[in-house]
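A quick write-up on the structure given underneath.
The values are calculated or read from the model by the stated rules, or taken from the named source; none is laboratory data. Remember, predicted model here, so these are calculated numbers, not experimental data. Cβ atoms come from the backbone with ideal geometry, glycine included; neighbour counts cover every protein chain shown.
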């Protein structure tokens, strides 16, 4: 349990168990919750260039909580998935072609890298 995510999941699962909320945490419901929270995050910046840090922290935490629960429900190793996506993006966005650019890549990457 040295992994910080494991500790967060332990606390989160206890919180949800005590309230019998696990029954509501289907992958579909969690995806919908993430989308809703992303909307609330967007709302903080609507018509503004900055957001209240405390509100920003809460919305980011809500998104992270639902994302962690979704990963648990669908047996996804979030950290491993992040490393795999970075490896894919290194291929899709080579430095020499994309430095300083924000355009989308049309380079296709095989499913297995």
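Quick check on my filter: what residues within the stretch 41-60 are exposed (fewer than 12 other Cβ atoms within 10 Å of the Cβ) and either at pLDDT below 95 or in a helix (DSSP H, G or I) (or both)?
Residues of the stretch 41-60 exposed (fewer than 12 other Cβ atoms within 10 Å of the Cβ): 42, 45-50, 52-54, 57.
Those that are exposed (fewer than 12 other Cβ atoms within 10 Å of the Cβ) and either at pLDDT below 95 or in a helix (DSSP H, G or I) (or both): 42, 45, 53, 54, 57.
Considering every residue within the stretch 68-86, establish whether at least one is at pLDDT 95 or above, farther than 30 Å from residue 28 by Cβ and surrounded by 13 or more Cβ atoms within 10 Å (Cβ to Cβ).
There is no residue in the stretch 68-86 that is at pLDDT 95 or above, farther than 30 Å from residue 28 by Cβ and surrounded by 13 or more Cβ atoms within 10 Å (Cβ to Cβ).
Report yes if residue 106 is over 30 Å from residue 26 (Cα atoms) and not assigned by TED's automatic domain parsing to the domain that holds residue 9, otherwise no. Write out each step before concluding.
Working: over 30 Å from residue 26 (Cα atoms): yes; not assigned by TED's automatic domain parsing to the domain that holds residue 9: yes.
Yes.
Which residues, taken from the stretch 61-113, are in contact with a helix residue (DSSP H, G or I) (Cβ under 7 Å, 6 or more places away or on another chain), under 17 Å from residue 33 (Cα atoms) and free of Cβ contacts under 8 Å to residues at least 60 places away in the same chain?
62, 63, 65, 66, 67, 69, 70, 71, 73, 74
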